[in-house]
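The values are calculated or read from the model by the stated rules, or taken from the named source; none is laboratory data. Predicted, not measured: the structure shown is a model, and the values here were computed from it. Here the Cβ positions follow ideal geometry from the backbone for every residue, glycine too, while neighbour counts run over all protein chains shown.
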Amino acid sequence: MKILVIGGGGREHAIVSSLKNADVYCIMAKKNPGIIKSVKKYLIHTETDADAVVAFAKECGVEFAVIGPEAPLQAGVSDALDKAGIPVVGPRQAAARIETDKGFCRDLMKKYQIPGSPAYKICKTPEEAVSYIHEYKGDLAVKPTGLTGGKGVKVMGEQVDREGAALYASTLKDQNIILEERLLGEEFTLMAFTDGKTLVPMPLVQDHKRAFEGDVGPNTGGMGSYSLETHAFPFVTEKDYADAFSIMQKTVAALAAEGCPYQGILYGQFMNTRDGPKVIEFNARFGDPEAMNVLTLLTSDFAVVVEHICKGTLSPADVSFAPLASVCKYVVPEGYPEAPKTGEALSFTPMDGVTVYYANVVEEDGVLKTLTSRTMAFVGVGKTLADAEQLAEAACRSVRGNVRYRKDIGTEALFAKRISHMNGLRK
Ligand code: AMP
Ligand code: GLY
């Protein structure tokens, strides 16, 4: 089987690694030092250039394509590949609006009476948003409706007060702004493979968005993530899980009813509140870092799953994950996300039980150097969370260079805090 992967970050390195019995090709904007070692052929080129992607796909003679990041989905690269007769894991532009247009997502959920949405208001101008923020009783989350790389949200009572929220909204010119009721709870990620009809869930994962230990500092693309050997979390009840999965199934059905069938990976980011799971957002792709947890645990060949998604024949029997825990920690440049130090050399010691995924990093004359975003990820897998965490931690500690990581991700202490937070909310 010949498969083209579009994208060149840590998530795409994990995707490439999980396509076991396939010849893999890759088109990426930057030369990922891990991906280039695992693929038959690659092209360094803008990932959103649909014509170039189709031309490379044809040149390589691929049967299927997998799109990693959101930008090519928004640019209609799936549509172009489909038109050229190459089925894609990754929805077409119209269906990808579930991620690329947060207003579309909320309106769709409302129209199809899908539970799990917070109260929201879409504002066409900063002025309208500012006056709503001043009138609203309670805390709001302020977001542009378009893509922001996970860094565009300001939550009242967390990063900003009411004045700060209004000030932030006033800077969001020439785009729609969405104001949402602030949700309180524990976040979790539920991702599913889907061929447009059947959804097959992956293990639950929890991401850590904040830059620093103790969940403080600015939001990032995600500093790391963990999953348990049960593939569940003690702070998500069986009912919460069933409700979250049902919201995802209904959303895929709603997209089909709108004439935008959805094929690929659906990523649900949920806030588990005292009233059950609420949707923070959907993404039209694997999460990064969450992909690195689930794909490291995937025991089936992802290439076979790709084929079933593309042919519309997906069934739960095609997908299995090791009953193990995983901890993924990202090493990032000093100063990330606000003023990342680029061009800093780094090195690490390979370790048994740890999978290394290269992300925003270059190799020059055999030396790895940081770029502006997350550098590389270390995934520890073990029988328990503690085992997995110790492995990921040891690997990160071995890294030399002007980089840092969050020591607390996956630790028993932080995990206990999550559980007691949820118990407190349920009282
Ligand atoms: P997003 O870019 O939508 O993933 O949001 C980034 C982060 O902002 C999420 O991981 C949440 O922690 C937070 N957030 C987004 N929307 C809300 C909301 N309605 N209530 C509380 N927190 C939110
Ligand atoms: N980890 C969050 C995301 O991929 O959007």
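Picking from residues in the range 176-194 that are of a type in the set (A, V, I, L, M, F, W, C) and assigned to a strand (DSSP E or B), the one that is surrounded by the fewest Cβ atoms within 10 Å (Cβ to Cβ) is ALA192. Output the residues belonging to the range 200-213 that are in a loop (DSSP other than H, G, I, E, B), within 25 Å of PRO118 (Cα to Cα) and more than 16 Å from ligand 1 (Cβ to nearest atom). Once the filter is applied, which keeps residues that are in a loop (DSSP other than H, G, I, E, B), within 25 Å of PRO118 (Cα to Cα) and more than 16 Å from ligand 1 (Cβ to nearest atom), the range 200-213 yields MET202, PRO203. Set side by side, the residues THR230, THR237, THR296, THR273 differ, and just one is within 28 Å of PRO144 (Cα to Cα) and polar (S, T, N, Q), which is THR273.
Out of the residues in the range 248-283 that are of a type in the set (Gly, Ala, Ser) and either surrounded by fewer than 18 Cβ atoms within 10 Å (Cβ to Cβ) or within 10 Å of ligand 2 (Cβ to nearest atom) (or both), state the one that is nearest to SER227 (Cα to Cα).
Start the filter on the range 248-283 by keeping residues that are of a type in the set (Gly, Ala, Ser), which leaves 253-254, 256-257, 259, 264, 268, 276.
Next, only the ones that are either surrounded by fewer than 18 Cβ atoms within 10 Å (Cβ to Cβ) or within 10 Å of ligand 2 (Cβ to nearest atom) (or both) stay: 253, 256-257, 259.
Values: ALA253: 28, ALA256: 31, ALA257: 33, GLY259: 35 Å.
The residue in question is ALA253.
Scanning the range 234-247 for residues that are under 19 Å from the mean Cα position of the chain (by Cα) and either without any contact (Cβ under 8 Å) to a residue 60 or more places away in the chain or under 24 Å from ILE67 (Cα atoms) (or both), which turns out surrounded by the fewest Cβ atoms within 10 Å (Cβ to Cβ)? Before the answer, list the steps.
Of all residues in the range 234-247, those under 19 Å from the mean Cα position of the chain (by Cα) come to 241, 244-245, 247.
Filter once more, so that each one left must be either without any contact (Cβ under 8 Å) to a residue 60 or more places away in the chain or under 24 Å from ILE67 (Cα atoms) (or both): 241, 245, 247.
Working: TYR241: 20, PHE245: 16, ILE247: 22.
Ranking the candidates gives PHE245 first.
Looking at the structure I just gave you, is ALA291 away from ligand 2 (no atom under 16 Å from the Cβ), crowded, with 24+ Cβ neighbours inside 10 Å, under 21 Å from the mean Cα position of the chain (by Cα) and not acidic (Asp, Glu)? Criteria not met by ALA291.
Restricting to the range 128-170, and then to whatever is of a type in the set (Val, Ile, Thr) and assigned to a helix (DSSP H, G or I), can you tell me which residue is farthest from ligand 2 (Cβ to nearest atom)?
So, considering only residues that are of a type in the set (Val, Ile, Thr) and assigned to a helix (DSSP H, G or I), the one farthest from ligand 2 (Cβ to nearest atom) is VAL130.
The residue of the range 365-413 that is surrounded by the most Cβ atoms within 10 Å (Cβ to Cβ), among those that are in contact (Cβ under 8 Å) with a residue 12 or more places away in the chain and basic (Lys, Arg), is ARG374. The residue list LYS197, LYS173, LYS121 contains one member that is away from ligand 2 (no atom under 16 Å from the Cβ), at pLDDT below 95 and either surrounded by fewer than 17 Cβ atoms within 10 Å (Cβ to Cβ) or not in a loop (DSSP other than H, G, I, E, B) (or both), which is LYS173.
Collect the residues in the range 218-232 that are away from ligand 2 (no atom under 16 Å from the Cβ) and in contact with a strand residue (DSSP E or B) (Cβ under 9 Å, 6 or more places away or on another chain), keeping them in residue-number order. Before you say what the answer is, go through the steps one by one.
Initially, the range 218-232 is screened for residues away from ligand 2 (no atom under 16 Å from the Cβ), giving 228-232.
Answer for the range 218-232, where residues must be away from ligand 2 (no atom under 16 Å from the Cβ) and in contact with a strand residue (DSSP E or B) (Cβ under 9 Å, 6 or more places away or on another chain): LEU228, GLU229, THR230, HIS231.
Restricting to the range 31-54, what's the tally of residues that are touching a strand residue (DSSP E or B) at 6+ places or on another chain (Cβ under 7 Å) and within 20 Å of MET376 (Cβ to Cβ)? Explain how you work it out, then say what you get.
Narrowing the range 31-54 to residues touching a strand residue (DSSP E or B) at 6+ places or on another chain (Cβ under 7 Å): 31-36, 38-45, 47, 53.
Now narrow it down to the ones that are within 20 Å of MET376 (Cβ to Cβ): 31-36, 38-39, 42, 44, 47.
Residues meeting the conditions: 11.
ALA95 falls short on exactly one of the conditions (1) more than 23 Å from LYS250 (Cα to Cα); (2) touching a Phe, Trp or Tyr at 6+ places or on another chain (Cβ under 8 Å); (3) part of a helix (DSSP H, G or I), and that condition is (1). For the range 220-230, filtering for residues that are part of a loop (DSSP other than H, G, I, E, B) and either crowded, with 19+ Cβ neighbours inside 10 Å or of a type in the set (Lys, Arg) (or both) leaves 6.
Of all residues being of a type in the set (Phe, Trp, Tyr) and part of a helix (DSSP H, G or I) in the range 236-285, which is farthest from PRO72 (Cα to Cα)? Just the residue, please. Give the steps one after another, and end with the answer.
Taking the range 236-285 first, the residues of a type in the set (Phe, Trp, Tyr) are 241, 245, 262, 267, 270, 282.
Then drop every residue that is not part of a helix (DSSP H, G or I), which leaves 241, 245.
Working: TYR241: 30, PHE245: 26 Å.
Of everything passing the filter in the range 236-285, TYR241 is farthest from PRO72 (Cα to Cα).
Within the range 100-114, residues that are in a helix (DSSP H, G or I) reach partners that are among the aromatic types (Phe, Trp, Tyr) and within 16 Å of ligand 2 (Cβ to nearest atom) with beta carbons closer than 6 Å, at six or more positions or on different chains, in the pairs CYS105/PHE282. Applying the condition of being in contact with an Asp or Glu (Cβ under 9 Å, 6 or more places away or on another chain) and within 9 Å of ligand 1 (Cβ to nearest atom) to the range 158-183 and asking which residue is farthest from THR251 (Cα to Cα) yields GLU158. Just one of the listed residues (LEU346, LEU314, LEU298, LEU324) is of a type in the set (A, V, I, L, M), surrounded by 17 or more Cβ atoms within 10 Å (Cβ to Cβ), closer than 29 Å to HIS421 by Cβ and in contact (Cβ under 8 Å) with a residue 40 or more places away in the chain, namely LEU324. Residues that are surrounded by 16 or more Cβ atoms within 10 Å (Cβ to Cβ), more than 15 Å from ligand 1 (Cβ to nearest atom) and either farther than 16 Å from GLN175 by Cβ or aliphatic (A, V, I, L, M) (or both) within the range 126-140 comprise just one, VAL130.
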